[in-house]
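Written out below as structure tokens is the structure these notes cover.
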Amino acid sequence: MEIIKTKAEMQKRAKELRKSGNSVGFVPTMGFLHEGHLQLAHRSIQENEITVMSIFVNPLQFGPEEDFEAYPRDSERDQLLAENAGVDILFMPDHSNIYNQEASFEIKVNKRTDVLCGKSRPGHFDGVSTILIKLFNIIIPDKVYMGLKDAQQVAVVDSLIHYFDFPIELITVETVRETDGLARSSRNVYLSDEERKEARQLYQALKLGETLIQNGERNPQIIIAKVSEYIKKNITGTIDYVEIFSFPDLTVLKSIERRIILALAVKFSKARLIDNILIEVEK
Ligand code: PAF
């Protein structure tokens, strides 16, 4: 596996790959890799000649009160995992290399961000979009691989790719879960033993919502109320949100129809966990 640490070197390599006609799959990450990231890499390896993974903890997408400093990092372990997964190029730039100029532009995302995590993390998706625009331009991938656990991120990146006319195909991959249903996340390490036991109930809460829909319930407010009640009964953490929207447009629905997202965020003592399921409803 090649490790590239500067954008100049990555751009040079990306140009060579283009010239030689190699298809490039790209897996953007902030490191502290887990099975979820590795699934994205596996899919990219299956579908492309070259797979590039980036590891960059992007300060622009963290709010002032958020966990940028404390975000888990383990570069040696990440390199090992990426190499064993079969990643061809690991792009690991540092902050001064990526943001090496005064910020003379500002990316502001106006759609799909005033709900879910965008509502409680103002500016988060502006930061995500800024770094992805940079990484897309540096790496010039044919396909980008993203996990559906961050479904709102997927929705924003889908519109980013279309709005800025990037010739990139967005490939989404199902959320990878622990055996008890907890979605894999780098932030799960923040949970206490007791919280970890409770956290499995998040997926159960989503499954309850899914069952209600499968049994014919079409009123989003009733489903949200029942899922919230289940979480309050089974989890000591506090609910940040339980919401239902159309997907990927993320618009409010009066009645459940077509493709919807049921999403939740719950704050534990040191971790805020998110999870969701996408449900297809036949008319
Ligand atoms: O999902 C993430 O890890 C990050 O938001 C991303 C896409 C790598 C951008 O920093």
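Read-outs throughout are calculated quantities, based only on the coordinates presented, and are distinct from any laboratory measurement. These numbers come from a predicted model, not from an experiment. Because the Cβ atoms are built from the backbone with ideal geometry, glycine has one as well, and the counts that use them run over all protein chains shown.
Things to note:
- Set against the 2.2 N^0.38 Å expectation for a compact globular protein, the stretch 28-176 has a Cα radius of gyration ratio of 1.01.
- Over 20 Å (Cα to Cα) - which of Lys232/Lys270; Lys119/Lys267; Lys5/Lys149 fall in this group: Lys5/Lys149
- Whole-number D in µm²/s for the stretch 96-215 (Stokes-Einstein; Kirkwood sum over Cα pairs; 4 °C, 1.567 mPa s): 77
- Two-decimal ratio, the stretch 61-140, of alpha-carbon radius of gyration to 2.2 N^0.38 Å: 1.30
- Zero-based 10 Å bins, Cα pair distances in the stretch 144-205, whole percents: 19, 40, 24, 15, 2
- Residues of the stretch 214-233 with amide N under 12 Å of a point placed 7 Å along Cα→Cβ from Gln204: 230-233
- Size-normalised alpha-carbon gyration radius of the chain, reference 2.2 N^0.38 Å: 1.02
- Extent along principal axes [Cα atoms of the stretch 169-222; Å; largest to smallest]: 38, 37, 20
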